[in-house]
Amino acid sequence: MASTIASRAAMTPSSVPAGMEGFAIGIIGMGDMGKMYARRIADAGFRVNACDREEKYESLREEFADRKQIKIFPNGHLVSRASDYIIYSVEAASIDKVVGEFGPSTKQNAIVGGQTSCKAPEIAAFEKHLPEDVDIVSCHSLHGPNVDPRGQPLVIIKHRASQSSFNKVETILSCLNSKHVHLSAAQHDRITADTQAVTHAAFLSMGKAWHANAQFPWEIARYVGGIENVKINLTLRIYSQKWHVYAGLAILNPYAKNQIRQYAQSVTELYKLMLGGHREELEMRIKEAGRKVFGERDWDGELLLKDEVLDRFSLGKKPSTPLPNNHLSLLAMVDCWSQLGIVPYDHMICSTPLFRLWLGVTEYLFRKPALLDDVIKIAIEDNTFRSDDLEFTFAARGWSDCVTFGDFSSWKDRFQSTQRFFEPRFADATKVGAEMMQTILENIKKE
């Protein structure tokens, strides 16, 4: 199935189509994304039936008591029996268990979908547990619950459904005012592996390295200003989220293992070249990777990020003179893309704000030859970052091992220990990170 993009007008309660006035949407899983979907769908005029674990029934009823369009049920059996389109908004690691429990209770001829970040286990669970009369249309909003969905990519997957059912789902989800992208489940997983999984691995590794060195990077002059602001703010933004969001995408996505392994390998090999002083080989490898990833681009357009934008968002005081950095995390990302044959611009139709920012800073580095030459020189001649880079290499390999072995427990422990370390600055980082994302989105729209 070829990918397509569709635009839908925003809905208001008075614009619910004829014939869908009594159409009920069920949401099983009222985490942050489930609640966001429930509120926006209800605001569009649809009736929403929702539930989470039974022990949360009373607290959810209290939270949504003033929402007449949202009815909280004790369990997914009742939601499934009463709803025409049921969305499972649960952890990817739990999807088989949850669908196995509630799927057989699905209303006859209903439509079912999921909002997990990894579609392979989701679709497998639906095919295994849902009655044959049920249509399957899944979705995935490519942003977090605190990001405005307007204009953001929303993947919609017509897996097993009539055109009528598919149209109904598109109509319902048009209330998000997102950009609809039509993909197959396999296409979705491949693109999210190429973009989200590897991007997350880079930020997770940076956070783990700073934690290992007991560093709050915004308190260290060499980590303040320019590209460093993006690294810090987005790393803290990721660690302020729930661990399972990133674990499921990395461990359960069938395409993610190779991408994350390659990123760890690129980090390791580039670090060894730096450590050994192999300047010619390092320069040749980095510039060849840059040619493969960026070489065919038309550089007449403006940078996705500019100096004044990069310097605007800082958690610390910027030094008067920029301090050197070899940017191993960025060099390894471009090397990883090159080794895997990934052209990141090919995935812009369904890229996350996080990915667009990360692409922006890599582009910033590789589109400035003098800066790139300086980075290569620093990588060979300046030992300032050696210990930091060592911990970063350990961290990248550690995350890759978690994915290779499918180890959710180790992933959770690694994530939460670093999360606790950085927790005091999450509020500031989330605010600044949101402003950064909005800025780059506005820049992209102007192009």
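The values are calculated or read from the model by the stated rules, or taken from the named source; none is laboratory data. None of these values were measured; they are calculated from a predicted model. Virtual Cβ from ideal backbone geometry, glycine too; neighbours counted across all protein chains shown. Heavy atoms of the whole protein, side chains included, go into the accessibility calculation; ligands, DNA and RNA do not. Shrake-Rupley method; radii C 1.70, N 1.55, O 1.52, S 1.80 Å.
Can you report the number of residues in region 30-62 which are touching a Leu at 6+ places or on another chain (Cβ under 9 Å) and open to solvent by 80 Å² or more (accessible area, probe 1.4 Å)?
Total satisfying the criteria: 1.
Does Lys35 fit the bill of being out of contact with any strand residue (DSSP E or B) (no Cβ under 8 Å at 6 or more places or on another chain) and at pLDDT 95 or above? Please lay out each step first, then the result.
Details: out of contact with any strand residue (DSSP E or B) (no Cβ under 8 Å at 6 or more places or on another chain): yes; at pLDDT 95 or above: yes.
Spelling it out, Lys35 is indeed out of contact with any strand residue (DSSP E or B) (no Cβ under 8 Å at 6 or more places or on another chain) and at pLDDT 95 or above.
Please determine, by comparing only the residues of region 179-200 that are of a type in the set (Gly, Ala, Ser) and modelled with pLDDT of 95 or more, which one is farthest from Phe421 (Cα to Cα). Outline the logic, then answer.
First, pick out the residues of region 179-200 that are of a type in the set (Gly, Ala, Ser): 184-186, 193, 197.
Remaining after also requiring modelled with pLDDT of 95 or more: 184-186.
On the way: Ser184: 39, Ala185: 36, Ala186: 37 Å.
Checked region 179-200; the qualifying residue farthest from Phe421 (Cα to Cα) is Ser184.
Considering region 154-170 alone, what residues qualify as being surrounded by fewer than 19 Cβ atoms within 10 Å (Cβ to Cβ), assigned to a helix (DSSP H, G or I) and either of a type in the set (Ser, Thr, Tyr) or at positive phi (or both)?
The answer is Ser164, and nothing else.
Could you check, for region 52-72, whether at least one of its residues is at pLDDT 95 or above, β-branched (Val, Ile, Thr) and more than 27 Å from the chain's Cα centre (by Cα)?
Within region 52-72 (the criterion being at pLDDT 95 or above, β-branched (Val, Ile, Thr) and more than 27 Å from the chain's Cα centre (by Cα)), the answer is yes, since at least one residue qualifies.
Answer with yes or no whether Ile349 is more than 17 Å from Ala202 (Cα to Cα), in a helix (DSSP H, G or I) and at pLDDT 95 or above.
Working: more than 17 Å from Ala202 (Cα to Cα): yes; in a helix (DSSP H, G or I): yes; at pLDDT 95 or above: no.
Against the criterion (more than 17 Å from Ala202 (Cα to Cα), in a helix (DSSP H, G or I) and at pLDDT 95 or above), Ile349 does not qualify.
Report yes if Val343 is open to solvent by less than 30 Å² (accessible area, probe 1.4 Å) and out of contact with any Asp or Glu (no Cβ under 6 Å at 6 or more places or on another chain), otherwise no.
When the stated conditions are applied, Val343 does not pass them.
Just need a number here: residues in region 187-203 that are under 17 Å from Val267 (Cα atoms) and touching a Lys or Arg at 6+ places or on another chain (Cβ under 8 Å).
The number of residues fulfilling the criteria is 1.
Output the residues belonging to region 175-216 that are farther than 21 Å from Val147 by Cα, part of a helix (DSSP H, G or I) and over 18 Å from the mean Cα position of the chain (by Cα).
Lys208, Ala209, Trp210, His211, Ala212
Could you list, in sequence order, all residues of region 96-113 that are open to solvent by 10 Å² or more (accessible area, probe 1.4 Å) and small (Gly, Ala, Ser)?
Across region 96-113, the qualifying residues are Gly100, Ser105.
If I ask for residues that are open to solvent by less than 70 Å² (accessible area, probe 1.4 Å) and assigned to a helix (DSSP H, G or I), which ones from region 391-409 would you list? Walk me through it before giving the result.
We begin by selecting, within region 391-409, every residue open to solvent by less than 70 Å² (accessible area, probe 1.4 Å); these are 391-393, 395-396, 398-400, 402-404, 406-408.
Once the filter is applied, which keeps residues that are open to solvent by less than 70 Å² (accessible area, probe 1.4 Å) and assigned to a helix (DSSP H, G or I), region 391-409 yields Glu391, Phe392, Thr393, Ala395, Ala396, Gly398, Trp399, Ser400, Cys402, Val403, Thr404, Phe408.
Can you confirm whether region 235-242 contains a residue that is more than 19 Å from the chain's Cα centre (by Cα) and either open to solvent by 20 Å² or more (accessible area, probe 1.4 Å) or over 30 Å from Ile25 (Cβ atoms) (or both)?
Filtering region 235-242 for residues more than 19 Å from the chain's Cα centre (by Cα) gives none.
No, region 235-242 contains no residue that is more than 19 Å from the chain's Cα centre (by Cα) and either open to solvent by 20 Å² or more (accessible area, probe 1.4 Å) or over 30 Å from Ile25 (Cβ atoms) (or both).
Quick one: in region 171-199, which of the residues that are under 14 Å from Pro153 (Cα atoms) and out of contact with any Leu (no Cβ under 8 Å at 6 or more places or on another chain) is most open to solvent (accessible area, probe 1.4 Å)? Give the steps one after another, and end with the answer.
If we filter region 171-199 for residues that are under 14 Å from Pro153 (Cα atoms), which is where we start, we get 173-183, 188, 191-192, 195-196.
Still in the running and out of contact with any Leu (no Cβ under 8 Å at 6 or more places or on another chain): 174-175, 177, 182-183, 188, 195.
Details: Ser174: 6, Cys175: 19, Asn177: 54, His182: 30, Leu183: 2, His188: 2, Thr195: 3 Å².
Applying the filter and picking the extreme gives Asn177.
Which of the residues belonging to region 131-149 are outside any strand (DSSP E or B), in contact with a Ser or Thr (Cβ under 7 Å, 6 or more places away or on another chain) and open to solvent by 10 Å² or more (accessible area, probe 1.4 Å)? Show your work before the answer.
To start, the set of residues in region 131-149 that are outside any strand (DSSP E or B) comprises 131-134, 142-149.
The next check asks that each one be in contact with a Ser or Thr (Cβ under 7 Å, 6 or more places away or on another chain); those that pass are 131, 134, 142-143, 149.
If the condition is that a residue be outside any strand (DSSP E or B), in contact with a Ser or Thr (Cβ under 7 Å, 6 or more places away or on another chain) and open to solvent by 10 Å² or more (accessible area, probe 1.4 Å), then Pro131, His143 are the ones that fit.
Might you check whether a residue that is without any contact (Cβ under 8 Å) to a residue 60 or more places away in the chain and either open to solvent by less than 20 Å² (accessible area, probe 1.4 Å) or in contact with a Lys or Arg (Cβ under 7 Å, 6 or more places away or on another chain) (or both) occurs anywhere in region 85-95?
Going residue by residue through region 85-95, those that are without any contact (Cβ under 8 Å) to a residue 60 or more places away in the chain are 94-95.
Add one more test, that the residue is either open to solvent by less than 20 Å² (accessible area, probe 1.4 Å) or in contact with a Lys or Arg (Cβ under 7 Å, 6 or more places away or on another chain) (or both), and what stays is 95.
The answer is yes; a qualifying residue exists.
Within region 8-29, restricting attention to residues that are surrounded by 16 or more Cβ atoms within 10 Å (Cβ to Cβ), of a type outside the set (Gly, Ala, Ser) and part of a loop (DSSP other than H, G, I, E, B), which residue is modelled with the highest pLDDT?
Restricting attention to region 8-29, the residues satisfying the condition of being surrounded by 16 or more Cβ atoms within 10 Å (Cβ to Cβ) are 8, 11, 16, 23-29.
Within this subset, residues satisfying the condition of being of a type outside the set (Gly, Ala, Ser) are 8, 11, 16, 23, 25, 27-28.
Those left that are additionally part of a loop (DSSP other than H, G, I, E, B): 8, 11, 16, 23.
Working: Arg8: 46, Met11: 46, Val16: 79, Phe23: 96.
Applying the filter and picking the extreme gives Phe23.
Please list, ordered by first then second residue, the pairs with beta carbon atoms under 8 Å, 6 or more apart or interchain, first in region 119-131 and over 18 Å from Ala250 (Cβ atoms), second assigned to a loop (DSSP other than H, G, I, E, B) and not hydrophobic (A, V, I, L, M, F, W, C).
Final answer for the pair search is Leu130/Thr106; Pro131/Thr106; Pro131/Gln108.
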